[in-house]
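Novice: Once you've had a glance at the structure underneath, I'll fire off some questions.
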Amino acid sequence: MVQKKTDIILFLNKKDLFIECLKTTPLSHCFTQTRNWVGPQWEGPDYRPIPNNPEEDRLYFDTCYNHAIAFIQKAFFDVAESPEARSKIFPHVTCATDRDNIQVIFDHIQHTVILKNLHDGGLLG
């Protein structure tokens with residue numbers, strides 16, 4: 001359980017591998033009771049390629065990917081014991097080999113930590 005005083009930076013790393021897996025393995029195959037998943041069941045769209053229309057296929061994959069990421073993040077939020085505790089979880093989808101991606105994320109985390117410390121120290125309202 002996530003306590004309300006605990007800040008958690010949640011790294012969902014290996015974005016590149018997740019994208020490749022999502023193209024061949026639907027989440028409905030992973031997040032179901034038949035696979036002993038005890039959380040909410042996956043009800044989002046499963047990606048299936050759209051032949052002969054690369055633009056529509058890309059848009060559909062992006063929709064499936066965004067739903068999948070939201071579902072996985074929600075699974076982490078659901079274990080928090082209160083809305084306040086949920087507000088202390090900061091998810092980031094990462095690809096550790098992508099230097100630009102990591103730099104943006106670490107800059108954001110640094111900013112968040114500094115603001116929290118200033119707030120906790122009474123310097124921000």
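The values are calculated or read from the model by the stated rules, or taken from the named source; none is laboratory data. Note that the coordinates shown come from a computational prediction; the quantities given were computed from them, not determined experimentally. All Cβ positions, even for glycine, are placed from backbone atoms using ideal geometry, and neighbour counts span all protein chains on display.
Novice: In segment 28-67, what residues are more than 22 Å from N13 (Cα to Cα) and aromatic (F, W, Y)?
Specialist: Listed by number, the list holds a single entry, Y60.
Novice: Residue by residue through segment 68-95, note down the ones that are in a loop (DSSP other than H, G, I, E, B), of a type outside the set (V, I, T) and within 15 Å of N13 (Cβ to Cβ). Don't jump to the end; show me each part of the working.
Specialist: Just the residues of segment 68-95 that are in a loop (DSSP other than H, G, I, E, B), to begin with: 79, 81-82, 87-88, 94-95.
Filter again for of a type outside the set (V, I, T), leaving 81-82, 87-88, 95.
Across segment 68-95, the qualifying residue is only C95.
So that you can scan it fast, the table gives a plain yes or no per residue for (1) touching a residue at least 12 places away in the same chain (Cβ under 8 Å); (2) exposed (fewer than 15 other Cβ atoms within 10 Å of the Cβ):
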position	(1), (2)
T6	yes, yes
K15	yes, no
T34	no, yes
Q103	no, yes
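Novice: Another one. N52 passes all but one of (1) within 11 Å of the chain's Cα centre (by Cα); (2) in a loop (DSSP other than H, G, I, E, B); (3) not small (G, A, S); which number fails?
Specialist: Going through the list (1) within 11 Å of the chain's Cα centre (by Cα); (2) in a loop (DSSP other than H, G, I, E, B); (3) not small (G, A, S), N52 breaks only (1).
Novice: Taking K23 as meeting all but one of (1) surrounded by 15 or more Cβ atoms within 10 Å (Cβ to Cβ); (2) under 18 Å from the mean Cα position of the chain (by Cα); (3) charged (D, E, K, R), write down the number of the exception.
Specialist: (1)
Novice: Cβ-Cβ below 8 Å, separation at least six or inter-chain, first residue in segment 44-58 and surrounded by 11 or more Cβ atoms within 10 Å (Cβ to Cβ), second of a type in the set (S, T, N, Q): which pairs?
Specialist: As it stands, the answer is P45/T63; D46/S28, since those pairs meet every condition given.
Novice: Scanning for something touching a Leu at 6+ places or on another chain (Cβ under 8 Å) and farther than 15 Å from D7 by Cα, does segment 102-113 turn up at least one residue? Steps first, answer last, please.
Specialist: Initially, segment 102-113 is screened for residues touching a Leu at 6+ places or on another chain (Cβ under 8 Å), giving none.
Among the residues of segment 102-113, not one is touching a Leu at 6+ places or on another chain (Cβ under 8 Å) and farther than 15 Å from D7 by Cα, which makes the answer no.
Novice: Scan Y47, Y65 and give me the residue that is assigned to a helix (DSSP H, G or I) and at pLDDT 95 or above. Before the answer, list the steps.
Specialist: Numbers: Y47 fails: assigned to a helix (DSSP H, G or I).
The match here is Y65.
Novice: I'm checking my understanding of the structure. Among residues of segment 6-44 that are of a type in the set (S, T, N, Q) and part of a loop (DSSP other than H, G, I, E, B), which one is nearest to I105 (Cα to Cα)? Working first, answer last.
Specialist: Within segment 6-44, the first condition is being of a type in the set (S, T, N, Q), and the residues that meet it are 6, 13, 24-25, 28, 32-34, 36, 41.
Filter once more, keeping what is part of a loop (DSSP other than H, G, I, E, B): 6, 13, 25, 32, 36, 41.
Working: T6: 20, N13: 12, T25: 28, T32: 31, N36: 33, Q41: 30 Å.
This residue is N13.
Novice: Among A68, A80, which is under 18 Å from L27 (Cα atoms), surrounded by 11 or more Cβ atoms within 10 Å (Cβ to Cβ) and either touching a helix residue (DSSP H, G or I) at 6+ places or on another chain (Cβ under 6 Å) or not basic (K, R) (or both)? Steps first, answer last, please.
Specialist: Details: A80 fails: under 18 Å from L27 (Cα atoms).
Unique residue meeting the criteria: A68.
Novice: While we're looking at this one, here's another question. Name every residue in segment 72-104 that is β-branched (V, I, T), over 13 Å from the mean Cα position of the chain (by Cα) and modelled with pLDDT of 90 or more, in order of residue number.
Specialist: T97, I102, V104
Novice: Name the residue, out of D62, D46, D16, D7, that is within 30 Å of D120 (Cβ to Cβ) and of a type in the set (D, E). Steps first, please.
Specialist: Values: D62 fails: within 30 Å of D120 (Cβ to Cβ); D46 fails: within 30 Å of D120 (Cβ to Cβ); D16 fails: within 30 Å of D120 (Cβ to Cβ).
Of the residues listed, the single one that is within 30 Å of D120 (Cβ to Cβ) and of a type in the set (D, E) is D7.
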